[in-house]
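The values are calculated or read from the model by the stated rules, or taken from the named source; none is laboratory data. As the structure is a prediction and not an experimental result, all values here were calculated from the model. Positions of Cβ are backbone-derived with ideal geometry, glycine not excepted, and every protein chain shown enters the neighbour counts. Each accessible area value is taken on the protein alone, full model and side chains, heavy atoms only, with ligands, DNA and RNA left out. Shrake-Rupley method; radii C 1.70, N 1.55, O 1.52, S 1.80 Å.
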Amino acid sequence: MLEITEIPVEGYEKVCRGIDSATGLHAIIAVHNTVLGPALGGMRLWPFESEQEALTDVKRLARGMTYKASCAGLDLGGGKSVILGDPAAKTQAMFESMGDFVESFGGKYITAEDVNTKVEDMAVVRTRTVHVGGLAGKSGNPSPKTAWGCYLGLKAAAEEKFGSADLNGVTVAIEGAGSVGSVFADLIAKEGGKILVADIRPESAAALAEKTGGSVVGVDQIRSVECDVFAPCALGGSLNDETIPELKARVVCGAANNQLLEPRHGVLLRERGVLYAPDYVVNAGGLINVYSEMAPGGYDEERVMAQMDKIRLNLLKIFRLAREEGICTAVAADRFGEQRVLDAMARSEA
Ligand code: NAD
């Protein structure tokens with residue numbers, strides 16, 4: 001039996017814990033804001049050490065989704081879900097239970113795949129709720145589109161920092177040769193960029209290095225290696241007090257969510273002359289892709305690819321705002337994203 005309890009969290013519309021002792025489900029769903037539309041955000045399965053750690057993560061991720069959707073110009077709010085558990089021990093019953101949990105939000109939260117959950121898991125969730133995106137036969141796996149968005153984002157960052165969007169001869173250090181990192185690296189290599197890659201799974205790094213004609217770097221060296229661009233494509237927190245002083249890259253642009261360990265690290269990057277392409281602007285491609293399923297007329301890949309250019313254009317606007325205001329790009333992105341939410345709130349109150 002699924003037991004749902006609300007966790008009061010200031011600044012969030014609704015945060016709930018779902019526990020089902022029969023299926024072993026222990027999960028949290030966080031809805032940050034639905035002013036622009038229902039909160040769409042992936043379902044992450046991770047072996048969190050504690051519920052507090054999971055709560056911190058899901059809150060940050062849900063908030064990030066509000067900004068991501070807003071910046072991308074989508075009529076969506078921000079939400080996210082996390083399941084506390086061992087990715088190797090996931091079961092069908094657990095995802096059925098999770099489907100009931102998602103359903104309890106009555107459409108306020110729409111889920112999709114994320115780290116350690118797959119399209120097949122979403123198909124199980126779909127047996128219990130219609131509020132799920134990214135299904136096979138529709139928009140499907142978002143990773144290639146996320147990678148394309150990262151590539152467009154990198155071109156914008158290169159234009160801003162190096163004076164040219166051409167990636168030929170640019171060395172990019174990729175942290176994480178997973179679904180997004182590998183496609184992103186491939187796109188860069190096809191344009192003549194040089195790839196350095198690290199992954200905790202050495203075989204993934206080796207395969208990507210071979211495919212792109214690049215080189216493998218140790219996971220402890222990838223953040224300090226000599227390169228032009230550092231691309232975090234693994235998990236969050238890569239940019240922190242230890243790593244930022246070691247960075248040789250002049251640009252940071254990658255797919256991972258929550259790359260800055262703390263907001264102040266955005267300021268630190270700016271002080272060191274590193275251009276940070278804010279993560280939730282860069283990695284919006286997957287969201288733009290899933291959103292297309294819900295748009296009138298249904299999923300349309302051509303429309304998705306056209307919308308994707310917004311990532312490049314938005315970044316150029318954010319870089320300009322940061323330059324003109326003398327603020328870090330992370331703060332500029334927050335301001336840029338907040339504006340649409342504030343406008344919508346003002347309209348609904350009028
Ligand atoms: P993935 O699980 O396929 O790939 C992540 C890779 O990083 C794996 O190969 C893993 O072995 C590696 N890794 C983990 N820790 C590492 C470390 N410390 N050093 C080096 N490598 C490490 O995930 P993905 O779908 O490619 O997503 C990557 C990141 O992008 C995640 O942070 C995810 O939240 C974010 N993101 C993904 C999408 C998407 O469409 N998949 C969309 C938006 C954001």
(request) List the residues whose amide H sits under 5 Å from the amide H of residue 197, counting only those 5 or more places along or on another chain, with H placed 1.01 Å from N in the peptide plane. (result) 174, 215, 216, 217
(request) Enumerate by residue number the GluC sites (Glu not before Pro) in the stretch 234-342 meeting two conditions: DSSP loop (anything except H, G, I, E, B), and at most 10 other Cβ atoms within 10 Å of the site's Cβ. (result) 242
(request) Using only Cα atoms, find the angle between the long axis of helix 329-349 and the longest principal axis of the chain, and express it within 0 to 90 degrees, rounded to the nearest 10. (result) 40 degrees
(request) Return the distance in nm (one decimal) between the two label points of a simple spin-label model at residue 49 and residue 242, each offset 7 Å from Cα along Cα→Cβ. (result) 1.3 nm
(message) Just to make sure I understand: if all protein chains stay in place, what is the order of 14, 145 by accessible area at 1.4 Å, largest first?
(response) 14, 145
(request) Step through the residues of the stretch 50-62 one at a time and calculate ³J(HN,Hα) from phi using the Karplus curve (6.51 cos²θ - 1.76 cosθ + 1.60, θ = phi - 60°), rounding each to whole Hz and writing x for Gly and Pro. (result) 8, 5, 4, 5, 5, 5, 4, 5, 5, 5, 4, 5, 5
(request) Any lysines with Cα under 23 Å of the residue 211 Cα? List them, leaving off those in the same chain fewer than 8 positions away. (result) 145, 155, 190, 194
(message) Under 8 Å for C-alpha pairs, at least 6 residues apart: give me the relative contact order for the stretch 204-340, rounded to a whole percent.
(response) 18 percent
(request) With a 1.4 Å probe and every protein chain left in place, work out the accessible area per residue of the chain in Å², rounded to a whole number. (result) 42 Å²
(request) Could you order 97, 215 so the one with the most accessible surface comes first? Probe is 1.4 Å. (result) 215, 97
(request) Treat the stretch 220-301 as a sphere of radius equal to its Kirkwood radius over Cα pairs and apply Stokes-Einstein at 4 °C in a medium of 1.567 mPa s; give the translational diffusion coefficient in µm²/s, rounded to a whole number. (result) 94 µm²/s
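If Rh is defined by the Kirkwood formula over all Cα pairs and Rg also comes from Cα, what ratio Rg/Rh do you get for the stretch 30-184?
Numbers: Rg = 17.0 Å, Rh = 16.8 Å.
Checking Rg against Rh, the ratio lands at 1.01.
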(message) Just to verify a number: what accessible area does residue 127 come out at with the full protein assembly present, 1.4 Å probe, Å² rounded to tens?
(response) 100 Å²
(request) Determine how large the accessible area of residue 60 is when every protein chain is in place; take a 1.4 Å probe and give Å² rounded to the nearest 10. (result) 90 Å²
(request) Taking each pair of different alpha-carbon atoms in the stretch 7-105 once, compute 1/r for the pair, average those values, and report the inverse of that mean as the Kirkwood hydrodynamic radius in Å to one decimal. (result) 13.5 Å
(request) Averaged over every viewing direction, what's the projected area of the C-alpha convex hull for the chain? Give it in nm², one decimal, please. (result) 17.2 nm²
(request) With +1 on each Lys and Arg Cβ and -1 on each Asp and Glu Cβ, and nothing else charged, work out how big the dipole of the stretch 128-251 is about its Cα centre, in Debye to the nearest 20. (result) 560 debye
(message) Which one, 25, 97, 46, is farthest towards the positive end of the dipole of the stretch 1-100 when Lys and Arg carry +1 and Asp and Glu -1 on their Cβ?
(response) 46
(request) Mind checking the full-extension length gain between residue 10 and residue 191? Use 0.36 nm per residue of separation minus the Cα-Cα distance, one decimal, nm. (result) 60.6 nm
(request) Quote the relative contact order of the chain in percent (integer), defining contacts as alpha-carbon pairs under 8 Å separated by 6+ residues. (result) 15 percent
(request) Calculate how steeply helix 301-325 sits against the longest principal axis of the alpha-carbon atoms of the chain, using the helix alpha-carbon long axis, and give the answer as 0 to 90 degrees to the nearest 10. (result) 60 degrees
(request) Could you please state how large a percent of the accessible area of the chain is carbon and sulfur, counting protein chains only and using a 1.4 Å probe? (result) 50 percent
(request) Excluding residues on the same chain fewer than 8 positions from residue 90, give the lysines whose Cα lies under 16 Å from its Cα. (result) 118
(request) Just add up the charged neighbours of residue 122: K/R +1, D/E -1, any other residue whose Cβ is under 15 Å from the Cβ of residue 122. (result) -1
(message) Output the 0 to 90 degree angle, nearest 10, between the alpha-carbon long axis of helix 285-294 and the longest principal axis computed from the alpha carbons of the chain.
(response) 40 degrees
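Restrict the search to the stretch 253-319; then list the chymotrypsin sites (Phe, Trp or Tyr not before Pro) that DSSP places in a loop and that have at most 16 other Cβ atoms within 10 Å of their Cβ.
none
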(message) Please list 3J(HN,Hα) in residue order for the stretch 259-275, calculated via the Karplus relation 6.51 cos²θ - 1.76 cosθ + 1.60 where θ = phi - 60°; whole Hz, with x for glycine and proline.
(response) 5, 7, 4, 9, x, 5, 5, x, 5, 4, 4, 4, 4, 8, x, 9, 8
(request) Provide 108, 155, 194 ordered by accessible surface of protein heavy atoms (probe 1.4 Å), highest first. (result) 194, 108, 155
(message) Keeping all protein chains in the complex and leaving out DNA, RNA and ligands, what accessible area do you get for residue 26 with a 1.4 Å probe, in Å² to the nearest 10?
(response) 50 Å²
(message) In whole Hz and in residue order, list the ³J(HN,Hα) couplings for the stretch 72-78 that follow from phi through the Karplus curve 6.51 cos²θ - 1.76 cosθ + 1.60, θ = phi - 60°; x for Gly and Pro.
(response) 6, x, 8, 8, 9, x, x
(request) Starting from one equal scatterer on each C-alpha and no solvent at all, send me the Debye-based log10 I(q)/I(0) for the stretch 167-293 at q = 0.10, 0.22 Å⁻¹, two decimals. (result) -0.28, -1.29
